[in-house]
1. Quickly run through the stretch 185-204 and pick out the residues that are under 27 Å from Ser149 (Cβ atoms) and outside any strand (DSSP E or B).
2. Count, please, the residues in the stretch 116-134 that happen to be without any contact (Cβ under 8 Å) to a residue 24 or more places away in the chain and surrounded by 12 or more Cβ atoms within 10 Å (Cβ to Cβ).
3. In a strand (DSSP E or B), farther than 30 Å from Asp119 by Cα, of a type outside the set (A, V, I, L, M, F, W, C) and at pLDDT below 95: which single residue out of Asp166, Asp182 fits that description?
4. Within the group Ser133, Ser195, Ser149, which residue is modelled with pLDDT of 90 or more and small (Gly, Ala, Ser)?
5. Gln167: surrounded by 16 or more Cβ atoms within 10 Å (Cβ to Cβ) and out of contact with any His (no Cβ under 7 Å at 6 or more places or on another chain), yes or no?
6. When you look at Ala162, is it more than 21 Å from Trp202 (Cα to Cα) and either surrounded by fewer than 10 Cβ atoms within 10 Å (Cβ to Cβ) or among the hydrophobic types (A, V, I, L, M, F, W, C) (or both), yes or no?
Amino acid sequence: MNDSYDDHSGDEQDDDFEFGIRIDSVEHDNPNITPEQIGLSDACDEIRSDAEQNILSSLAAVEKTLEQLSGDFESKLKYDEHKNRIIDDLHKELQAHREGVIKKHLNSMISDIIKIIDDIRKYKFHWENQAPSEETAANLLDFMDQIASDLEDLFSWQGVAAFTCDQDTFDSTRQRILKKVDTDDPEKNKLVAQSLRPGYEWDGKIIRPEMVSVYVYNEATPTRDQAD
């Protein structure tokens, strides 16, 4: 019993002895290492550890920043999508309103044109069985003039006005030459001879200029006596 214990104790002492030899051998493997070098090595290890810690902290900060940017980007995308949806809705509403206004004006104009068409057919039905006469022709001319007047009234209800220029001088911004009239009077050259058709304007914008005839000066052919 004691012998086995002594043997075991001897083994432990041998292990301790070997461990002490290993430690001692490490310390004496390089007898040229000084304490200052050992301290410098420890300082380098500490600097390396601090650098690694700083890098890890920087990477964590970058990761956090990227997450924040990603969140901001997603929010911006959602905001832009919402804004575009609002713009599309407003555009559709504006388009619908515009179409409604146009249809409203067209309905009013169409109703007025239908009334004129009804009057023409009523007039035709009244006079188609009448014998031709001067009175019938005169009434027809009056009725045609009335149609033109009714159409101009329709224009005026829509803001379109007929106009004729009062001055004798030709105005190229509001008039168009439809016919030229020769004259031997040089003072009448380029003056308006006659208003042939009225012009039309809408809110100050010329739709169709007034059609006029204009004098053009041509020197008279000399007589035989003047030639002699």
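The values are calculated or read from the model by the stated rules, or taken from the named source; none is laboratory data. Quick caveat, the model's predicted, so the values are computed rather than measured. Here the Cβ is made from the backbone with ideal geometry for all residues, glycine too, and neighbour counts use every protein chain on show.
1. Those that are under 27 Å from Ser149 (Cβ atoms) and outside any strand (DSSP E or B): Pro198, Asp203, Gly204.
2. Total meeting the criteria: 2.
3. Step by step, each of Asp166, Asp182 is checked, and only Asp182 is in a strand (DSSP E or B), farther than 30 Å from Asp119 by Cα, of a type outside the set (A, V, I, L, M, F, W, C) and at pLDDT below 95.
4. Selected residue: Ser195, the only one of Ser133, Ser195, Ser149 that is modelled with pLDDT of 90 or more and small (Gly, Ala, Ser).
5. Answer is no for this residue.
6. Taking the combined requirement at face value, the residue does not satisfy it.
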